[in-house]
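The block underneath contains the structure these notes are about, expressed in structure tokens.
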Amino acid sequence: MFDEALSVVVATHLQAPSRPGCYRMLDGEGRALYVGKARDLKKRLQAYTRPKRLPNRLQRMLAATRRLELLVTQTEAEALLTEASLIKALKPRYNILLRDDKSFPSILLRGDHAFPQIVKHRGKQRVKGSYFGPFVSSAAVNSSIVELQKIFLLRSCSDSIFAHRSRPCLQYHIKRCSAPCVGYTDAKSYAQLVSGAKAFLKGKSEGVRARLERQMTEASRAQEYERAASLRDRLTALAVIQARTRYVLPHGEEADVLALWLHEGESCIEMFCFRNRRHCGNRAFFPHHPSEVSAAEIVASFIAQFYASHPPPSVIYAAPAPHEAAWLQRSLSHRYERRVRILSPRDERFALFATVRTNAEEALRRRQAEKRRFADHWTALEELLELKVPLQRVEIYDNSHLGATNPYAAMVVADRQGFVKGAYRKFVIRSQGAGGDDYAMMREVLSRRFLHKQSWGLPSLVVLDGGRGHITAAQEVLADYPLLPLLAIAKGEGRKAGGERVYAAFSHREAGKTRILSLGLAAGKIADKAADKVAGKVAGDSFGLFYFLLRLRDEAHRFASGAHRVGRVRAQRASKLDGVPSVGVVRRGLLLRHFGSARAVAEASEAELQGVAGLGEGAARKIYEHFHG
């Protein structure tokens, strides 16, 4: 059973260096089975030369191994981060996978302007300035920015708007900005506001409170009553924020509190984030892992993968204690060049942990119940369609446009376990004139999707947002797949919810006529005998299956609408400066700050362009020639 794998492991072990690094175990087709890290590669691989001492999971993995690759790193910390990046890229079967690891927003105080702007930032930290976060909740970032504006009166407008204001905007009048754009606050005073905001975000709110109280007292003594009233309002806003805090850390540091709950081979990690002593959001994560993995391994893998791309707080409270916690602690401290501690609080000393653990338990319970409901409806759908082969992959399609502009189509994928979000795809409609024609859009998106049948695989059911016409359009494209079942969900009379009709057909017209399925609220209005017969098989679950299909349709609609909205905003923000020779991000900023708009740049003379500081004569000439031939 292990002969071939052992020969690979032993040969690699003999050549392995006694240095930190990562190793990859691959099967006969080159697919990654497992990615591991080690302080000493030679010692770690030695453990695989004694397969009978390994857990069952690792024995199965070793039996399938046909190749072993090594990657030597300079430090243990580098090995940890490399392992996390390889797991994310390769998704090995026997590793613990953190699938929901998208970027999280932060608060950014920009440092590239005399009057820094406060904004929500997501993605790589390329802009010069001070970053605070990350926050697991976008809503928490938005509310925090509003709170900071009330206390510190910082601007949130763009540089181009700031440069061309002639009077204060609404933010000033509702007491959320000090109006530096029109000179109501000078650079020195604004810098003090920015300094106070940074101190507040670092958890030094008591110092901020004391400073505001002192300034208010001084203003009152100097009979500057209007300024004293403004400071009083800012103090009140600070007091409201502190009074609204529901959970407070015992020692006041910034920290993340993690708790794991395991049940029936599945796990949930609940994360509560604290910044400035305040609870600023929480989120549940559901790592994918083999059922035999220990709780300590799950927590350790989560910490390694999550904080490889998200800066950690100064303290991470984790329960249960992660496997190789000291190594994780050293690696994160080395990666971010500051001290990061990983602690495991006891219940009696850290009462908040019980709340976090309860949230993890409830989140996993809801998820498992949802998966069971999804599987039940999936079985009912198979019975309804009288399929000879079980459903494996369902694809749902929808179109979205606004007056034929910015047309997009979306494909959503589901299996028996739920929605497979990693397989979602969006399509920019390219056909001339198809933007306002739903049928043409459907024909285009299906034609383009089935060009990827080798890499994406084939669906076992296609669901369309539409009616008979959409099924006809799909049949024109999918005639080469005669046994592929199609469903279309048409909106009810007057577009009333619950009155939808569900049409069923095969992708080849000769395989059977289109029929109406008697489901949901519309069932009583249908007299199709064949439909009644089919509906009778699932009469007890008719409404549940009906709303299950609507849920599939609604998910496709949500994804398509989101793609269209992003595309529409991108088109609206498109600038005349896009594609201009010699104009990149930096020069675009110089031009907009100097002229105020792209239109003004296009209308400027060559002499005016040469007057822009930092532009240069050659670049000014190219820009002028671009707009004036």
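Descriptive notes on the structure:
- Candidates are the residues of region 4-20 that are in contact with a strand residue (DSSP E or B) (Cβ under 9 Å, 6 or more places away or on another chain) and touching a residue at least 60 places away in the same chain (Cβ under 8 Å); the one that is farthest from L71 (Cα to Cα) is A5.
- The single residue among S455, S400, S447 that is under 27 Å from the mean Cα position of the chain (by Cα) and over 25 Å from W378 (Cβ atoms) turns out to be S400.
- Qualifying residue in region 91-102 (condition: part of a helix (DSSP H, G or I), in contact (Cβ under 8 Å) with a residue 24 or more places away in the chain and surrounded by fewer than 20 Cβ atoms within 10 Å (Cβ to Cβ)): no
To keep it simple, each residue is scored yes or no on (1) loosely packed, with under 15 Cβ neighbours inside 10 Å; (2) closer than 20 Å to S301 by Cβ.
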residue: E4; (1), (2): yes, no
residue: H13; (1), (2): no, no
residue: A16; (1), (2): no, no
residue: R19; (1), (2): no, no
residue: M25; (1), (2): no, yes
residue: G28; (1), (2): yes, no
residue: A32; (1), (2): no, yes
residue: G36; (1), (2): no, yes
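- Here K124, K120 are screened, and the one residue that is of a type in the set (D, E, K, R), farther than 30 Å from S291 by Cβ, buried (at least 16 other Cβ atoms within 10 Å of the Cβ) and not assigned by TED's automatic domain parsing to the domain that holds R283 is K120.
- Candidates K128, K52, K124 - the one that is among the charged types (D, E, K, R) and over 30 Å from I161 (Cβ atoms): K52
- When the residues of region 601-612 are filtered to those that are over 39 Å from the mean Cα position of the chain (by Cα) and not charged (D, E, K, R), the one that is surrounded by the fewest Cβ atoms within 10 Å (Cβ to Cβ) is A607.
- Residues of region 119-136 satisfying the condition of being free of Cβ contacts under 8 Å to residues at least 40 places away in the same chain and either under 16 Å from N282 (Cβ atoms) or among the charged types (D, E, K, R) (or both): K120, R122, K124, R126, K128
- Enumeration of residues in region 263-288 that are over 30 Å from I145 (Cβ atoms) and either surrounded by fewer than 16 Cβ atoms within 10 Å (Cβ to Cβ) or out of contact with any Leu (no Cβ under 7 Å at 6 or more places or on another chain) (or both): H263, E264, G265, H288
- Checking L86, L81 one by one, the residue that is in the same structural domain as A11 (by TED's automatic domain parsing), modelled with pLDDT under 85 and not in a loop (DSSP other than H, G, I, E, B) is L81 and no other.
- Taking the criterion of being buried (at least 18 other Cβ atoms within 10 Å of the Cβ) and either free of Cβ contacts under 8 Å to residues at least 12 places away in the same chain or in the same structural domain as V127 (by TED's automatic domain parsing) (or both), no residue of region 613-628 qualifies.
- N399 passes every criterion in (1) under 30 Å from L461 (Cα atoms); (2) outside the structural domain of L545 (by TED's automatic domain parsing) apart from (2).
- The listed residue being modelled with pLDDT of 80 or more, within 28 Å of S143 (Cβ to Cβ) and within 35 Å of the chain's Cα centre (by Cα), out of V194, V182, V208: V194
- Some residue of region 378-385 being of a type in the set (D, E) and closer than 28 Å to K426 by Cα: yes
- Residue tally, condition closer than 19 Å to P92 by Cα and in a helix (DSSP H, G or I), over region 42-78: 11
- Enumeration of residues in region 115-170 that are of a type outside the set (S, T, Y) and in a strand (DSSP E or B): I118, V119, K120, H121, G129, F132
- Single unsatisfied condition, H377 versus (1) free of Cβ contacts under 8 Å to residues at least 12 places away in the same chain; (2) not assigned by TED's automatic domain parsing to the domain that holds L483: (1)
- Total residues in region 137-162 satisfying the condition of being surrounded by fewer than 16 Cβ atoms within 10 Å (Cβ to Cβ), in contact (Cβ under 8 Å) with a residue 40 or more places away in the chain and within 18 Å of C280 (Cβ to Cβ): the figure is 1.
- Where helices (runs of 4 or more DSSP H) fall wholly inside region 282-394, the ranges with 1 or more residues that are among the charged types (D, E, K, R) and over 28 Å from P105 (Cα atoms) are 352-385.
- Positions within region 243-262 being more than 15 Å from L352 (Cα to Cα) and at pLDDT below 90, in sequence order: A243, R244
- The single condition among (1) in a loop (DSSP other than H, G, I, E, B); (2) surrounded by 14 or more Cβ atoms within 10 Å (Cβ to Cβ); (3) out of contact with any Pro (no Cβ under 6 Å at 6 or more places or on another chain) that D112 does not meet is (2).
- Looking across region 434-482 at every residue that is assigned to a loop (DSSP other than H, G, I, E, B) and either in contact with a Lys or Arg (Cβ under 8 Å, 6 or more places away or on another chain) or outside the structural domain of P390 (by TED's automatic domain parsing) (or both), the one that is surrounded by the most Cβ atoms within 10 Å (Cβ to Cβ) is identified as P459.
- Pairing each residue of region 340-361 that is farther than 19 Å from E254 by Cα with any residue that is at pLDDT 90 or above and acidic (D, E), provided the two are 6+ apart or on different chains, yields C-beta distances under 6 Å for N359/E270; A360/E270.
The values are calculated or read from the model by the stated rules, or taken from the named source; none is laboratory data. The model shown is predicted, which means the values in this text are computed figures rather than measured ones. Here Cβ is always computed from backbone atoms with ideal geometry, including for glycine, and neighbour counts include all displayed protein chains.
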